[in-house]
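Here the structure comes first, spelled out in C-alpha cells, and everything after it is commentary.
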Amino acid sequence: MAKWREAIEDDAERIERMPLLLTAAVYDFVSYPIPEIEENLDWVNLIAYDFYCSSTLIVLPAALFDPSNPKGPCRDSGLKEWIKAGLSAKKAVLGFLYVGGTWSLEGGNDAATTPVHTSADGSINYNQIRS
C-alpha cells in the first residue's frame, strides 16, 4: 500500500493535479494490516452486511444492532472493532445493503403470496422493491 500511495503522490506532482484517493472495500472483521491501511488509505468502505446467508431463519442481514443476538455480528460492533484496532473514525465508511428478501412460510394457509419478482434464492433487487 505504501508503494501505491507513493506512486499516486508522485503522479499527482508530475501532472500538477490533486492526488487520486486510495481506498479499499473490506469486510468488517479486523484481519487486515490496519496500521498500514491507516497510514496509506484515504478511507475504507466496511462491508458490514450479509452476516447471514439465506436459510430457514428470518434474520436481519445487516442490522446496526441485533437485540436477538447481542454478541452476534452487527454493523456497530464491526465498526467499533476497526476503530479499536487503529482505524481513524474519519476514514471508516459503512457500506449499505440495498436488497430485500422473502421467506415462504411452512403451512402458510393464511400467508401472503410470494412476490412476483422473487429469485430462486429469495432475494429481490432494489429496483424491483421500488417498483
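FYI, it's all coordinate maths here, none of it is from the lab. Everything quoted here is computed from the prediction, not taken from an experiment. Reconstructed Cβ throughout: ideal geometry from the backbone, glycine too, with neighbour counts over all protein chains shown.
Less than 5 angstrom separates the built amide H of ALA92 from those of VAL44, all sequence-distant by 5 or more or on a different chain. A straight chain from LEU21 to VAL93 at 0.36 nm per residue would run longer than the Cα-Cα distance by 24.5 nm.
Peptides 37-48, 22-33 ranked from most to least packed by the mean count of surrounding Cβ atoms within 10 Å: 37-48, 22-33. Can you check what the net charge comes to around ILE8, using other residues whose Cβ is under 13 Å from the Cβ of ILE8 (Lys, Arg +1; Asp, Glu -1)? The answer is -2. A Förster radius of 41 Å, combined with the Cβ-Cβ distance separating ILE129 from GLU6, puts the computed FRET efficiency at roughly 0.40. Phi angles of the stretch 33-47 translate, via the Karplus equation with coefficients 6.51, -1.76, 1.60 and θ = phi - 60°, into HN-Hα couplings of x, 4, x, 5, 5, 4, 6, 10, 9, 7, 7, 10, 8, 7, 7 Hz per residue; Gly and Pro are given as x. Between ILE47 and ALA85, the modelled label-to-label distance comes to 1.4 nm, taking each label 7 Å out from Cα in the direction of the beta carbon. Of all lysines in the structure, the ones whose alpha carbon falls short of 18 Å from that of LYS90, not counting any fewer than 8 places away in one chain, are LYS80. In this structure, the amide hydrogen of TYR27, modeled 1.01 Å from its nitrogen in the peptide plane, lies closer than 5 angstrom to those of ILE47, counting only residues at least 5 positions away or on a different chain.
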